[in-house]
1. Give the calculated FRET efficiency between residue 64 and residue 127 to the nearest 0.05, with a Förster radius of 41 Å applied to their Cβ-Cβ distance.
2. What percent of all Cα-Cα pairs in the stretch 56-130 falls in each 10 Å bin, counting up from 0?
3. What does the highest-first list of 53-66, 73-86 look like by mean Cβ count within 10 Å?
Amino acid sequence: MQTIFVLLKFYTNMVRFFIRLLCLALWLPLAPALVAAPHIPATVEVYYSPRGGCTEAIVKALRAAKVSVLVQAYSFTSPPIEDALAAAAKRGVKVQLILDRSNLTQKSSQLAEAVGDNLSIKIDAKHEIAHNKIMILDGETVITGSFNFTHNAEANNAENLLIIHSKELAASYTANWQEHDGHSELYDGETAAKTKKSERAAPHKTSFATR
Ligand SMILES: [Zn+2]
């Protein structure tokens, strides 16, 4: 009789073991997916060009900025956006721009005139094109999309723009911004003059103002 009980217990334990093994085998393929795709909570606004309110939305967001504005841009010829950045710097917001080297050839810039304690411009010449179009506001809002910060992007081009409110995403974009900041050079008149003189291998002959 006792032998039967021992055998029964053994078989019960074996069945439990295999059920646990089966559960583990079913769960394992799901595990990497759960780890690789963290949920980023965000609220998103979307705008489209031409004349779909992209510039207005950017200006509105910049007017609300309180602490910091980090920018990465390829082209920069939009007077309303330049004004909004300069105004933000004037009221004490720390504004830091990293621009593509094509910006060195532009003839005049409200932004260059606004360079001061709260507004700095760096040039990222490490890449064929520094093609990002990004603003990070107060470490909690990311503005990005195909939309260059230009009049043409607003008035003539087909573009899209997202304004994403997410501290988690802003932290990721800020880390990437800082990486580019590390190899970018501070912009001043001297740098611009030197670049013009040597006519460095500038691969983009497209005028800054035409995009
Ligand atoms: Zn870079």
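1. 0.85
2. Result returned by the calculation: 20, 55, 24, 2.
3. Ranking the peptides 53-66, 73-86 by packing returns 73-86, 53-66.
Readers should treat all values here as calculations from the given coordinates under stated rules, not as data from a laboratory. Note that this is a predicted model, so its numbers are computed, not measured. Here Cβ is always computed from backbone atoms with ideal geometry, including for glycine, and neighbour counts include all displayed protein chains.
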